[in-house]
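S.K.: For reference, the structure I am asking about is given below.
The values are calculated or read from the model by the stated rules, or taken from the named source; none is laboratory data. Computed from a prediction, not measured in an experiment: that's the story for all the values here. Cβ coordinates were reconstructed from backbone atoms using ideal geometry, including for glycine residues, and neighbour counts include every protein chain displayed. What goes into the accessible areas is simple: the full protein's heavy atoms, side chains included, and nothing from ligands, DNA or RNA. Shrake-Rupley method; radii C 1.70, N 1.55, O 1.52, S 1.80 Å.
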Amino acid sequence: MAPDTVTTAPPARPGIEEARTNVAEIDFRYLTARSKISFKSPQQDIDNANINLRVRKDSLIWLSVSKLGIEAVRGLITRDSIIIVDKIHGEYSVYDFPTLSRQFNFAMNFQLLQALIVGNLPLPKRPAQKIKNERDYLLLRQSEGKVLVENYIGEEDRKLKKLMVTEQPTKNTLRLDYEDFTSLNNFLFPYTSLVTLDYQSKTDGQFYQTLLRIKHSKVELIEKTPGFPFTIPASYKRRP
C-alpha cells in the first residue's frame, strides 16, 4: 500500500508577507539633528555647510545653516508656508508649496520634505495597496493626483531605501536614496540622504537638475520640544 502523500506549500520568503502589510517607519514627537548639507542647482552651489534641524512631526521643520561658524540662513517650514531668513544680506523670503511647485514644475509638499529627513513613506500606506518583488527590493507603488510614488523597501529590514516620485504629465522626477542606516531609539535611521530633482523649466523649456545631500552626524528623537526660535528683524527687507 502506497504511503500517504503529503503536499506542503513552499515556505514564504522571510519578511515578504510582513512587508506586504507593514513598512518599518520611524515614529517620533520631536527630532533634532546636526548635519552637513550640500546643494547644487543652476542658481546656487553650497558645499558641505553645517545645518541644524529640528522637526515637530507632521507640522514644523526648523533649520539653521552656518558657514565658517556664522549663521547664514534660518528657515521655518510649516504645512502651508516656507520662510527663509538670509542673515548675511538682511533679507527674507516667503514661499508656499504651490508656488515652489510651479517654480520647479514639480509637486512638492510638507510630507515629502519630512520624508526626506526621516526616511518614512511620503504617502500613507493603504490596506488595498500591494507590494511586489522588484529585484533586490519590495516595491510599493502609490499615486495621488497626477503624482506616481514608487517606494523601494528592503526585504529584510522593511526600511525605505529608495523613493521615486514622478509627475505624470511632465515626467519630472524626484529621487531619494537613503544610506548609512544606524540604530536609533529601536529604529533604523538613514544618516545619509541624497535627493536628485530632474525637471523641465516652464520658463525656457530647458531641462535642469538640482542635487541635495544631507549627512547627519548626530540625531536624537525626543519627547520635549527643543524650541523653534524664529524672528524676522524689522530692518530686514522682503524679497519679491
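S.K.: Quick one: which of K132, K146 is more than 28 Å from Q43 (Cβ to Cβ) and either surrounded by fewer than 18 Cβ atoms within 10 Å (Cβ to Cβ) or in contact with a Lys or Arg (Cβ under 6 Å, 6 or more places away or on another chain) (or both)? Break it down into steps so the answer makes sense when it comes.
M.R.: Values: K146 fails: more than 28 Å from Q43 (Cβ to Cβ).
From the options K132, K146, the qualifying one is K132.
S.K.: I'd like the full set of residues that are at pLDDT 90 or above and of a type in the set (A, V, I, L, M), limited to region 136-172.
M.R.: Those that are at pLDDT 90 or above and of a type in the set (A, V, I, L, M): L138, L139, L140, L148, V149, I153, L160, L163, M164, V165.
S.K.: Here is a further query. Based on this model, can you work out whether I222 counts as touching a residue at least 40 places away in the same chain (Cβ under 8 Å), open to solvent by less than 90 Å² (accessible area, probe 1.4 Å) and in contact with a Ser or Thr (Cβ under 9 Å, 6 or more places away or on another chain)?
M.R.: On the way: touching a residue at least 40 places away in the same chain (Cβ under 8 Å): yes; open to solvent by less than 90 Å² (accessible area, probe 1.4 Å): yes; in contact with a Ser or Thr (Cβ under 9 Å, 6 or more places away or on another chain): yes.
Here the answer is yes, as I222 does meet what is asked.
S.K.: State which residue is farthest from D198 (Cα to Cα) when the search covers only region 1-48 and only residues that are at pLDDT below 80 and polar (S, T, N, Q). Full working, then the answer.
M.R.: Of region 1-48, the ones at pLDDT below 80 are 1-22.
Right, trim to polar (S, T, N, Q) and you get 5, 7-8, 21-22.
Values: T5: 58, T7: 52, T8: 49, T21: 31, N22: 30 Å.
Per the criteria, the residue is T5.
S.K.: Take K125 and decide whether it is in contact with a Lys or Arg (Cβ under 8 Å, 6 or more places away or on another chain), of a type in the set (D, E, K, R) and surrounded by fewer than 17 Cβ atoms within 10 Å (Cβ to Cβ). Please lay out each step first, then the result.
M.R.: Numbers: in contact with a Lys or Arg (Cβ under 8 Å, 6 or more places away or on another chain): no; of a type in the set (D, E, K, R): yes; surrounded by fewer than 17 Cβ atoms within 10 Å (Cβ to Cβ): yes.
The answer is no for K125.
S.K.: Against the definition (of a type in the set (G, A, S), open to solvent by 50 Å² or more (accessible area, probe 1.4 Å) and on the phi > 0 side of the Ramachandran plot), how does G119 come out, yes or no? Full working, then the answer.
M.R.: Numbers: of a type in the set (G, A, S): yes; open to solvent by 50 Å² or more (accessible area, probe 1.4 Å): no; on the phi > 0 side of the Ramachandran plot: yes.
It is false that G119 is of a type in the set (G, A, S), open to solvent by 50 Å² or more (accessible area, probe 1.4 Å) and on the phi > 0 side of the Ramachandran plot.
S.K.: Under 6 Å by Cβ, and 6 or more places apart or on different chains, what pairs join a residue from region 131-146 that is closer than 20 Å to K171 by Cα and in a strand (DSSP E or B) with one that is open to solvent by 10 Å² or more (accessible area, probe 1.4 Å) and among the hydrophobic types (A, V, I, L, M, F, W, C)?
M.R.: Q142/L123; E144/L123
S.K.: How about region 101-120: which of its residues are at pLDDT 90 or above and in a loop (DSSP other than H, G, I, E, B)? Step through it out loud before you land on a result.
M.R.: Within region 101-120, the subset at pLDDT 90 or above is 109-111, 113-114, 117-120.
N109, G119, N120 - these are the residues of region 101-120 that are at pLDDT 90 or above and in a loop (DSSP other than H, G, I, E, B).
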